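Reading through the structure tokens given below for one structure.
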Amino acid sequence: MLPLEHLQTTMARSVLAMEPAVTAKMLTAGKADPLARLRIYQNNTRSSLTAVLMAVFPVTVRLVDERFFRFVASEFIRWHPPVESRLARYGAGFPRFLKTIDTLSDMPVVAETARLEWAIAEVLDAASLPSRTLAEYDNTDLGPSPDILLQPSLRLIVSHWSILSVWMAHQPETAVDQHSAWTRRPERVALWRSGESVRLVLLDRANFAFRHSLKHGLGLEHATARALALDPAFDLLSALVRLFGDGLVTDVRIPAHPLSNRWR
Amino acid sequence: MSRAFQALAIPATAGIGLRSPHISEMLTRRPAAGWLEVHAENYMGDGAGVEALERLRHIYPLSVHGVGLSLGSAQGLDRDHLERLRKVCERFQPDLVSEHLAWSVADGAYLNDLLPLRYDEEALAIVARNVETVQDTLKRQVLIENLSAYLAFADSSVNEAEFLTELVAKTGCGLLLDVNNVHVSAHNLQYDARAFIDALPADSIGEIHLAGHAINQVGADTVLIDDHGSRVPPVVWTLYHHAISRLGPRPTLIEWDTDVPVLDVLLGEAMWADMLSASIMFNRKQAARQAATAKPRPISTLLSFESDMRSGMPVLAAFAAVKAGQAMPAAMPPVEGGYHAAA
């Protein structure tokens with residue numbers, strides 16, 4: 001008789017349709033064939049996890065056709081099953097897996113759009129803190145380089161492909177124009193949670209770098225310097241007004257250790 | 001983060017499983033629902049659903065039902081997941097916390113399904129250790145739910161009911177009796193569903209689950225699939241009647257996870273559960289009064305109403321049986337005292 005851990009490992013591999021498989025003599029199912037009953041568990045695992053992936057990557061489903069998506073999802077599940085039971089975290093590796101699929105090698109926009117969809121899933125599971133207004137700091141001396149804390153749900157994605165355009169063109173209520181959005185054009189996307197939905201906006205290089213630096217705690221001075229290096233016409237005041245207007249600022253603080261803001 | 005919630009005890013009446021399509025309606029309508037149960041894993045992040053549950057928790061008593069702890073895993077518990085469960089309990093302060101007698105993690109993979117154990121001494125020691133770890137971490141008793149199964153392990157030395165009874169004795173855990181699971185497993189593995197219920201320690205049963213299941217025909221094999229995708233069928237109402245007759249009223253949850261209907265359907269099923277439970281208890285008291293003043297009548301044969309599928313409301317058949325079988329409760333011992341869910 002196998003030790004329980006060995007038995008469960010064998011059973012788990014059988015459920016994922018991998019070797020070595022559990023044998024019929026280890027199982028019972030009344031008068032039924034136990035290996036036929038084992039297929040119920042195989043089907044439950046595959047179909048429920050496929051449903052999870054389809055819920056996270058609906059635009060990818062539309063891009064590649066549902067039948068093909070199901071095939072790819074089933075391969076992904078087999079080789080990369082969840083490592084934890086919090087399924088909100090399952091699918092992080094799916095965009096990278098799509099890049100390894102030969103059939104999709106001439107359509108890199110598919111994996112890139114999946115990357116955007118995974119970011120949307122992360123945003124929806126992240127906290128949304130109360131936002132601050134610029135007026136709250138009217139009479140506050142915050143020094144030359146305050147820390148500007150942004151919403152924890154903020155994600156910033158840059159792609160060589162027009163992923164936001166593709167994503168928008170494939171929303172359920174949108175008639176898909178197969179030729180409109182598949183262009184190789186860099187897009188920089190900021191997305192964050194707003195209540196139950198996600199806001200997505202395109203940014204230019206300077207504003208993307210500005211928000212990226214702030215998100216990583218590098219302080220206002222460094223963020224501004226990076227933005228100006230990319231675009232000498234970068235307008236700091238407009239960028240700050242937009243940041244507050246988007247509800248992205250959760251706090252503004254004088255850094256406890258100003259040197260920590262320096263780029264190293 | 002911890003918030004101070006008013007303690008709301010779960011009553012021995014019916015509640016519903018909170019599903020995402022119903023959250024906004026629950027918040028705006030605030031319908032009369034005895035209590036709510038949520039899957040712990042859906043509230044381990046910080047999304048909008050978590051904020052909504054914090055608001056609902058002020059209105060409804062709450063039960064947290066875990067599906068991912070994998071208490072039967074021989075490799076032990078995922079401590080990170082247990083910590084996330086602890087935080088969910090700290091955040092929402094539920095009156096009941098439950099998990100499954102099952103495993104879903106092995107070889108580094110989470111299978112997103114609840115698999116049966118080989119019921120033997122080794123498994124009992126593993127599950128008992130895991131349950132004790134959970135109870136120590138959460139600083140509370142947890143209820144352990146019986147499984148719906150499609151197969152069993154040939155080398156099991158005891159059955160599931162005996163295993164659960166031993167688990168209760170070893171750990172002091174409570175039990176969550178899923179009546180639909182009992183029926184599904186009893187059919188699929190060919191044992192007596194009522195005998196399973198009767199074998200469990202009645203005082204330990206702190207909650208009941210009711211749900212629908214699918215019937216699949218694969219060749220000559222008719223297999224019941226625990227899909228939680230339809231109304232509670234007559235055969236499960238029958239078994240619920242048997243359970244309540246034996247246990248007395250218990251917090252009873254209507255579960256519905258696939259093809260989730262409009263909220264009123266769930267609330268309607270919960271209402272039927274309450275009415276059936278109340279009807280059983282009323283008839284029992286009436287029969288006890290009659291027994292005290294008259295000669296005892298012969299006990300009638302229990303009527304089968306499992307085949308009464310003509311009614312659009314399957315539970316009506318259960319009411320008919322309660323009425324027709326009024327002699328039956330007189331033979332049952334009276335249920336003493338009230339039920340305390342968190343006892």
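Tabulated values for the structure
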item	result
Inter-label distance for A:Ser74 and A:Asp33, nm, one decimal - labels placed 7 Å from Cα along Cα-to-Cβ	1.8
Proximal aspartates and glutamates relative to A:Lys99, as straight alpha-carbon distance under 17 Å, when same-chain residues fewer than 8 apart are discounted	A:Asp65, A:Glu75, A:Glu112, A:Glu117
Net charge of Cβ neighbours under 10 Å - reference A:Ala111; Lys, Arg +1; Asp, Glu -1	+2
Prolate/oblate/rounded call for the range B:14-284, Cα gyration tensor, a/c under 1.5 rounded	rounded
Contact order normalised by residue count of the range A:165-257, Cα under 8 Å, 6+ apart, percent	15
Residues of type aspartates and glutamates that B:Lys170 reaches as a straight line, Cα spacing below 18 Å, ignoring anything fewer than 8 places off in the same chain	B:Glu99, B:Asp120, B:Glu121, B:Glu122, B:Glu132, B:Asp136, B:Glu145, B:Glu160, B:Glu162, B:Asp203
Relative contact order for the range A:1-125, counting Cα pairs under 8 Å that sit 6 or more residues apart, in percent	21
Counted charge near A:Arg39, where neighbours are those whose Cβ lies closer than 15 Å (Asp, Glu -1; Lys, Arg +1)	+1
Neighbourhood charge, 11 Å Cβ-Cβ cut-off, centred on B:Asp178 and excluding it, Lys, Arg +1 and Asp, Glu -1	-4
Proxy reagent accessibility, fewest Cβ within 10 Å first, across B:Ser279, A:Ser159	B:Ser279, A:Ser159
Part-to-part distance (alpha-carbon centres) for the range B:177-191 and the range A:75-102, which is given in Å	33
Relative contact order computed over the range B:1-95 (Cα-Cα under 8 Å; 6+ residues apart), in percent	37
Convex hull volume of the protein assembly as shown per residue (C-alpha atoms, cubic angstrom)	193
Neighbouring partner chain Cβ atoms per residue of B:113-122, average, 10 Å criterion	4
Cut-off under 5 Å, modelled amide H: who pairs with B:Leu253 long-range	B:Gly15, B:Ile208, B:His209, B:Leu210
Average beta-carbon neighbours from other chains, 10 Å sphere, peptide B:146-154	6
Sorted by Cβ density within 10 Å, fewest first, the residues B:Cys173, B:Cys89	B:Cys89, B:Cys173
Calculated over chain A: convex hull of Cα atoms, volume per residue (Å³)	199
Under 13 Å from the Cα of A:Lys215 - aspartates and glutamates, other chains or at least 8 residues apart	A:Asp147, A:Asp251
Exercise: per-residue mean of other protein chain Cβ atoms within 10 Å, A:86-92	4
Cα-based Rg of the range A:1-125 normalised by 2.2 N^0.38 Å, two decimals	1.23
Helix A:4-15 axis, angle to chain A major axis (alpha carbon atoms, nearest 10°)	80
3J(HN,Hα) from dihedral phi, the range B:220-226, Karplus parametrisation 6.51/-1.76/1.60, rounded to Hz, x for glycine, proline	8, 8, 9, 10, 8, 10, 7
Point-charge dipole on Cβ atoms (K/R +1, D/E -1) for chain A, about Cα centre, debye to 20	840
Sorted peptide list for B:121-132, B:18-29, criterion being average Cβ within 10 angstrom, highest first	B:121-132, B:18-29
5 angstrom amide H check on B:Val218, placed H, neighbours 5+ away	B:Val223
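Each value in this text was obtained by applying a stated rule to the coordinates, not by laboratory testing. Predicted model, so just to flag it, every value in this text is computed and none were measured. Cβ atoms come from the backbone with ideal geometry, glycine included; neighbour counts cover every protein chain shown.
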